[in-house]
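The values are calculated or read from the model by the stated rules, or taken from the named source; none is laboratory data. Keep in mind it's a predicted model, so treat the numbers as computed, not measured. Reconstructed Cβ throughout: ideal geometry from the backbone, glycine too, with neighbour counts over all protein chains shown.
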Amino acid sequence: MKHLLKMLDLSTEEIIDILNLADQLKYEQKHGIPHNHLKGKTLGMIFQKASTRTRVSFETGMYQLGGYALFLSANEMQIGRGEPVQDTARVLSRYIDGIMIRTFEQKEVEDLAEFGNIPVINGLTDLSHPCQVLADLMTVREYKNKLDGLKMCYIGDGNNMANSLTVGCLKVGMNVSLACPEGYYPSKATLEFAKQFPNFKLVNNPKEAAADADVLFTDVWASMGQEGEAEKRRIAFKGYQINDEIMSVAKSDAMVMHCLPAHREEEITAKVFENHAAEIFDEAENRLHAQKAVMVKLMG
């Protein structure tokens, strides 16, 4: 593993390896055991999209690993004024030990990896959100003590979360059921990958997808950059909500997960959100531990 660009690039063994290391680093952090694996190393963090969890978790993670995180706003860099991404990659490779980028186009992440000679971590693109899904899998395993054989249901937009969850969950042996409205399906590459698995299902009916689910996921109806489509999406996603009716067909001990921020009473009711707040905020915390594991694997 040289980079973390998308879930499709990771093998099952690499995913489990990252999760095992994340568990270890979490244990060490909770028990005050130093783990300065990245002492003297610097991570450059390029942000073209706003962030709460990504920035704080990566910055804190680097500090806990003994390294330094450098916040690089795209607005203040030459990349924001037209410098080619390949030139940025080659320059940053001379200064720092790794790059985390949170941006719109997947191609930017891939180009940074191609033209630089340091590890690149995808902190989120419109196509993929691998760091979030590693944290999600870590959380599900903490609560259920396994991944293989569990049923994951995702309800909502076939966006970066749907893409990465589908791939990640299938790779670790979970059954995957998606409910997305017509016209809002996951990417072609995701569906090409998923169709080789008999335990994958894409439907338009949320209740059908949620039947006997062990864990349910959702995400906002309009992601960053889609604000202009908000009203159109509100109409398209009517009924694609995790609520009491959906929970009634899932398993009685089903988990609910949300990558946050959540729009209560849109993709999830406030009641269901608060009933499952413990696992949702454990999920948010696990971004820190999963990303530390990724950084150690790539930069250690």
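Consider Gly66 against the criteria (1) part of a loop (DSSP other than H, G, I, E, B); (2) within 28 Å of Tyr185 (Cβ to Cβ); (3) at pLDDT 95 or above: it satisfies all of them except one. Which criterion is unmet?
Single failed check for Gly66: (2).
So, of the residues in the range 264-284 that are on the phi < 0 side of the Ramachandran plot and surrounded by fewer than 16 Cβ atoms within 10 Å (Cβ to Cβ), which turns out to be farthest from the chain's Cα centre (by Cα)?
Ranking the qualifying residues of the range 264-284, first place goes to Lys271.
How about the range 94-124: which of its residues are of a type in the set (Asp, Glu) and either touching an Asp or Glu at 6+ places or on another chain (Cβ under 8 Å) or buried (at least 24 other Cβ atoms within 10 Å of the Cβ) (or both)?
Glu105
Find all pairs meeting these conditions: Cβ atoms under 8 angstrom apart; at least six residues apart or on different chains; first residue within the range 74-96 and under 12 Å from Phe115 (Cβ atoms); second residue small (Gly, Ala, Ser).
Ala89/Ala113; Ala89/Gly116; Arg90/Gly116; Leu92/Gly44; Leu92/Gly116; Ser93/Gly116
Can we say Ser252 is surrounded by fewer than 16 Cβ atoms within 10 Å (Cβ to Cβ), outside any helix (DSSP H, G or I), more than 21 Å from the chain's Cα centre (by Cα) and without any contact (Cβ under 8 Å) to a residue 24 or more places away in the chain?
Here the answer is yes, as Ser252 does meet what is asked.
Here are some conditions: (1) aromatic (Phe, Trp, Tyr); (2) without any contact (Cβ under 8 Å) to a residue 60 or more places away in the chain; (3) surrounded by 22 or more Cβ atoms within 10 Å (Cβ to Cβ). Phe71 meets all but one. Which one does it not meet?
(3)
Could you tell me whether Asn20 is polar (S, T, N, Q), surrounded by fewer than 17 Cβ atoms within 10 Å (Cβ to Cβ), in contact with a helix residue (DSSP H, G or I) (Cβ under 9 Å, 6 or more places away or on another chain) and in a loop (DSSP other than H, G, I, E, B)?
Spelling it out, it is not the case that Asn20 is polar (S, T, N, Q), surrounded by fewer than 17 Cβ atoms within 10 Å (Cβ to Cβ), in contact with a helix residue (DSSP H, G or I) (Cβ under 9 Å, 6 or more places away or on another chain) and in a loop (DSSP other than H, G, I, E, B).
Filter the range 28-68 down to the residues that are surrounded by 14 or more Cβ atoms within 10 Å (Cβ to Cβ) and on the phi > 0 side of the Ramachandran plot and list them by number.
Gly66, the sole residue that qualifies.
So that you can scan it fast, the table gives a plain yes or no per residue for (1) loosely packed, with under 13 Cβ neighbours inside 10 Å; (2) closer than 25 Å to Asn122 by Cβ:
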| position | (1), (2) |
| --- | --- |
| Asn175 | no, no |
| Ala179 | no, no |
| Ala189 | no, yes |
| Ala210 | no, no |
| Asp214 | no, no |
| Asn243 | no, no |
| Pro261 | yes, yes |
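Looking at the structure I just gave you, is Leu25 among the aliphatic types (A, V, I, L, M), within 18 Å of Ile121 (Cβ to Cβ) and in a loop (DSSP other than H, G, I, E, B)?
No; evaluated as a whole, the condition is false for this residue.
Being closer than 23 Å to Ser223 by Cα, in contact with a helix residue (DSSP H, G or I) (Cβ under 6 Å, 6 or more places away or on another chain), surrounded by fewer than 21 Cβ atoms within 10 Å (Cβ to Cβ) and not small (Gly, Ala, Ser) is the requirement here; does Pro130 meet it?
no
Scan the range 227-246 and give yes if some residue there is in contact (Cβ under 8 Å) with a residue 40 or more places away in the chain and either assigned by TED's automatic domain parsing to the domain that holds Phe104 or under 15 Å from the mean Cα position of the chain (by Cα) (or both), otherwise no.
Looking for residues that are in contact (Cβ under 8 Å) with a residue 40 or more places away in the chain and either assigned by TED's automatic domain parsing to the domain that holds Phe104 or under 15 Å from the mean Cα position of the chain (by Cα) (or both), one finds none in the range 227-246, hence no.
Please go through the range 33-79 and give me each residue that is over 15 Å from Val109 (Cα atoms) and among the small types (Gly, Ala, Ser), ordered by number.
Within the range 33-79, Gly40, Ala50, Ser51, Ser57, Gly61, Gly66, Gly67, Ala69, Ser73 meet the criteria.
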